[in-house]
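Chemist: Next up is a structure, given as structure tokens.
The values are calculated or read from the model by the stated rules, or taken from the named source; none is laboratory data. Just so you know, these numbers come straight off a predicted model, no measurement behind them. Heads up, the Cβs are rebuilt from the backbone with ideal geometry, glycines too, and the neighbour counts pull from every protein chain shown.
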Amino acid sequence: MSVTVSTFSRKNPFPARLTRTRLLTAPGSGKETLHFEVSLAGSGLAYEVGDSLGIFPSNDAAEVDAVLAASGLSGDEPVESAGVNLREVLTRQVTLREPSRQLLAAILEKCPEAAELSELVDPEAKSVMDDWVDGREVVDILQAYPRAGFTADELVKVLRKLQPRLYSIASSPKAFPEDIHLTVAVVRYELHGRKRQGVCSTYLADRVNGGTMPVFIHSAKHFRQPEDPSVPVIMVGPGTGIAPFRAFLQEREVLGAPGKTWLFFGDRNRATDFLYEEEINAWRGKGVLHRLDTAFSRDQPEKIYVQQRMMENAAELWRWLEDGSYFYVCGDASRMAKDVDEALHRIVEQAGGKSKEEAAAYVEELKKTKRYRKDVY
Ligand SMILES: Cc1cc2nc3c(=O)[nH]c(=O)nc-3n(C[C@H](O)[C@H](O)[C@H](O)COP(=O)(O)OP(=O)(O)OC[C@H]3O[C@@H](n4cnc5c(N)ncnc54)[C@H](O)[C@@H]3O)c2cc1C
Ligand SMILES: NC(=O)c1ccc[n+]([C@@H]2O[C@H](COP(=O)([O-])OP(=O)(O)OC[C@H]3O[C@@H](n4cnc5c(N)ncnc54)[C@H](OP(=O)(O)O)[C@@H]3O)[C@@H](O)[C@H]2O)c1
């Protein structure tokens, strides 16, 4: 088999076309989760199930305008270090969130009335600075100190670089060799009386509009399916955590993988937030997905999460593990993945008849032998 090596990479991203957008959540949902299809045609890029797509977003033009207005600049000023004008730099190269210490220090230098910033710019007082900056954007700082009078070059020098965002790939190259599917929860919220939006999720939802966007493949060797397709897999993927497991199931269907599969999916409400419900049910019907357990957290007064479904099926889950099943988790790192990990320990303890220490050693062994795989964020 010949292997094509693409000239595109994180350093030289491919301008990929966004070919399709579909709302996955139904009207009335408190969330806006979208399915995107991105074309890799002509790139020579290849991906594998488990990989993520890296996207370099652009900032919203209205946010760029607000920063320009607050700094008294037009945007047409050339930025020597970048070789493009200020508007271009503010649009594609720097973040307008997360004001830097350097920005505060520069304002302190330029505006005597900014003395209150002096305790924040002390590198020893990182937590004070972090607390103060939390929820503030670059525009808030520039508006507060209108006399700072930055030149375009000075302003660019004190802003942080705009970072790419990663998204778990929700398709299999065996089913879609030239396309990548994504499952994205759009970040919109209100803070301190102002509407805020996530940079990249709203870039995808609102601003690419059938155009192209700079992308790269982020390989995730730690999140591949078992090499032996007869090995069973347990997949825990609430919310957008479903993305890589849709790719797993697509691939297993194409390959006719004989190993058993078990999916735990959860989201807020069954009626509005059961992402890819039809496809998942079809895989159940075709025997690609052998077991499905769902946890809709807000369909009843008390919250029900995926880990509760795991606990309810502890004996069977234990049997699957003992039969050599791999255990996969994808989605929220801060709470969900920790709670699922705790549930896994309890299942090994209770259904496996082990002490706390033995259960910890068992789970550790799952990790060491790479049968416990996580892609959490
Ligand atoms: C390996 C990996 C895979 C991923 N896969 C997916 C995926 O498949 N689907 C997906 O949707 N995401 C995924 N993510 C997350 C994704 O990369 C982005 O972090 C996410 O889309 C938000 O990016 P953004 O630019 O829209 O928001 P940003 O501009 O980065 O803003 C997000 C920040 O806004 C703040 N914020 C958000 N909500 C609130 C609130 N209610 N109140 C106060 N502050 C708030 C928080 O500080 C948060 O960190 C993945 C991340 C990784 C690392
Ligand atoms: N680090 C981060 O900032 C971060 C990480 C992941 C996602 N998000 C943001 O969250 C939004 C939606 O993301 P998403 O669709 O992937 O998932 P999500 O909405 O956060 O959660 C999906 C489901 O998981 C439930 N859940 C909440 N806490 C849980 C826990 N401890 N254990 C198990 N399940 C739990 C949720 O229930 P309830 O909501 O009813 O409690 C919901 O039913 C997006 O805006 C995304 O950017 C942020």
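Chemist: Which of the residues spanning segment 226-269 are touching a Leu at 6+ places or on another chain (Cβ under 7 Å) and acidic (Asp, Glu)?
Modeler: 267
Chemist: I'd like the full set of residues that are hydrophobic (A, V, I, L, M, F, W, C) and away from ligand 2 (no atom under 16 Å from the Cβ), limited to segment 332-359. Walk me through how you get there before you give the answer.
Modeler: Our first condition is that a residue be hydrophobic (A, V, I, L, M, F, W, C); within segment 332-359, this holds for 333, 336-337, 340, 343-344, 347-348, 351, 359.
Once the filter is applied, which keeps residues that are hydrophobic (A, V, I, L, M, F, W, C) and away from ligand 2 (no atom under 16 Å from the Cβ), segment 332-359 yields 348, 351, 359.
Chemist: Specify which of the listed residues (296, 327) is in the same structural domain as residue 249 (by TED's automatic domain parsing), aromatic (Phe, Trp, Tyr) and more than 17 Å from residue 262 (Cβ to Cβ).
Modeler: Values: 327 fails: more than 17 Å from residue 262 (Cβ to Cβ).
Of the residues listed, the single one that is in the same structural domain as residue 249 (by TED's automatic domain parsing), aromatic (Phe, Trp, Tyr) and more than 17 Å from residue 262 (Cβ to Cβ) is 296.
Chemist: Assess whether residue 318 counts as being out of contact with any Lys or Arg (no Cβ under 9 Å at 6 or more places or on another chain) and either more than 16 Å from ligand 2 (Cβ to nearest atom) or at pLDDT 95 or above (or both). Step through it out loud before you land on a result.
Modeler: On the way: out of contact with any Lys or Arg (no Cβ under 9 Å at 6 or more places or on another chain): yes; either more than 16 Å from ligand 2 (Cβ to nearest atom) or at pLDDT 95 or above (or both): yes.
For residue 318, the condition - out of contact with any Lys or Arg (no Cβ under 9 Å at 6 or more places or on another chain) and either more than 16 Å from ligand 2 (Cβ to nearest atom) or at pLDDT 95 or above (or both) - is met.
Chemist: With within 16 Å of ligand 2 (Cβ to nearest atom), within 13 Å of residue 239 (Cα to Cα), crowded, with 17+ Cβ neighbours inside 10 Å and aromatic (Phe, Trp, Tyr) as the only criterion, which of 328, 305, 377 stands out? So that I can check it myself, show each step before the final result.
Modeler: On the way: 328 fails: within 13 Å of residue 239 (Cα to Cα); 377 fails: crowded, with 17+ Cβ neighbours inside 10 Å.
After applying the criteria, what remains is 305.
Chemist: Residues that are of a type in the set (Gly, Ala, Ser), within 11 Å of ligand 1 (Cβ to nearest atom) and either under 30 Å from residue 266 (Cβ atoms) or in a helix (DSSP H, G or I) (or both): does segment 182-197 have at least one?
Modeler: Checked segment 182-197: at least one residue is of a type in the set (Gly, Ala, Ser), within 11 Å of ligand 1 (Cβ to nearest atom) and either under 30 Å from residue 266 (Cβ atoms) or in a helix (DSSP H, G or I) (or both).
Chemist: Any chance you could count how many residues in segment 106-122 are touching a residue at least 12 places away in the same chain (Cβ under 8 Å) and either under 29 Å from residue 91 (Cα atoms) or surrounded by 15 or more Cβ atoms within 10 Å (Cβ to Cβ) (or both)?
Modeler: Taking segment 106-122 as the starting set, the residues that turn out to be touching a residue at least 12 places away in the same chain (Cβ under 8 Å) are 106-108, 110-111, 113-114, 117, 120-121.
Narrowing the set further to residues that are either under 29 Å from residue 91 (Cα atoms) or surrounded by 15 or more Cβ atoms within 10 Å (Cβ to Cβ) (or both) leaves 106-108, 110-111, 114, 117, 120-121.
So the answer is 9.
Chemist: When residues of segment 184-196 are filtered for being within 11 Å of ligand 2 (Cβ to nearest atom) and either without any contact (Cβ under 8 Å) to a residue 60 or more places away in the chain or out of contact with any Phe, Trp or Tyr (no Cβ under 8 Å at 6 or more places or on another chain) (or both), how many remain? Give the steps one after another, and end with the answer.
Modeler: Looking only at segment 184-196, we keep the residues that are within 11 Å of ligand 2 (Cβ to nearest atom), and these are 184-189.
Next cut, either without any contact (Cβ under 8 Å) to a residue 60 or more places away in the chain or out of contact with any Phe, Trp or Tyr (no Cβ under 8 Å at 6 or more places or on another chain) (or both) only: 185-189.
Total meeting the criteria: 5.
Chemist: Going through 233, 215 one at a time, which residue ends up being within 13 Å of residue 328 (Cβ to Cβ) and in contact (Cβ under 8 Å) with a residue 40 or more places away in the chain?
Modeler: 233
Chemist: Does residue 200 count as within 13 Å of ligand 1 (Cβ to nearest atom), out of contact with any Leu (no Cβ under 7 Å at 6 or more places or on another chain) and either aliphatic (A, V, I, L, M) or outside the structural domain of residue 250 (by TED's automatic domain parsing) (or both)? First the steps, then the outcome.
Modeler: Numbers: within 13 Å of ligand 1 (Cβ to nearest atom): yes; out of contact with any Leu (no Cβ under 7 Å at 6 or more places or on another chain): yes; either aliphatic (A, V, I, L, M) or outside the structural domain of residue 250 (by TED's automatic domain parsing) (or both): yes.
Criteria met by residue 200.
Chemist: Give the residue, chosen from 95, 21, that is in contact with a Phe, Trp or Tyr (Cβ under 7 Å, 6 or more places away or on another chain) and either under 30 Å from residue 6 (Cα atoms) or among the β-branched types (Val, Ile, Thr) (or both).
Modeler: Values: 95 fails: in contact with a Phe, Trp or Tyr (Cβ under 7 Å, 6 or more places away or on another chain).
From the options 95, 21, the qualifying one is 21.
Chemist: Filter segment 302-312 down to the residues that are farther than 12 Å from residue 348 by Cα and not hydroxyl-bearing (Ser, Thr, Tyr), then identify the one that is farthest from ligand 1 (Cβ to nearest atom). Let's see the steps before the verdict.
Modeler: Of all residues in segment 302-312, those farther than 12 Å from residue 348 by Cα come to 302-309, 312.
Cutting the leftovers down to not hydroxyl-bearing (Ser, Thr, Tyr) gives us 302-304, 306-309, 312.
Numbers: 302: 22, 303: 18, 304: 22, 306: 16, 307: 20, 308: 23, 309: 21, 312: 27 Å.
Once the filter is applied, the top-ranked residue is 312.
Chemist: Within segment 176-212, can you find the residues that are of a type in the set (Val, Ile, Thr) and crowded, with 16+ Cβ neighbours inside 10 Å?
Modeler: Let us first name the residues in segment 176-212 that are of a type in the set (Val, Ile, Thr), namely 180, 183-184, 186-187, 199, 202, 208, 212.
Answer for segment 176-212, where residues must be of a type in the set (Val, Ile, Thr) and crowded, with 16+ Cβ neighbours inside 10 Å: 180, 183, 184, 186, 199, 202, 208.
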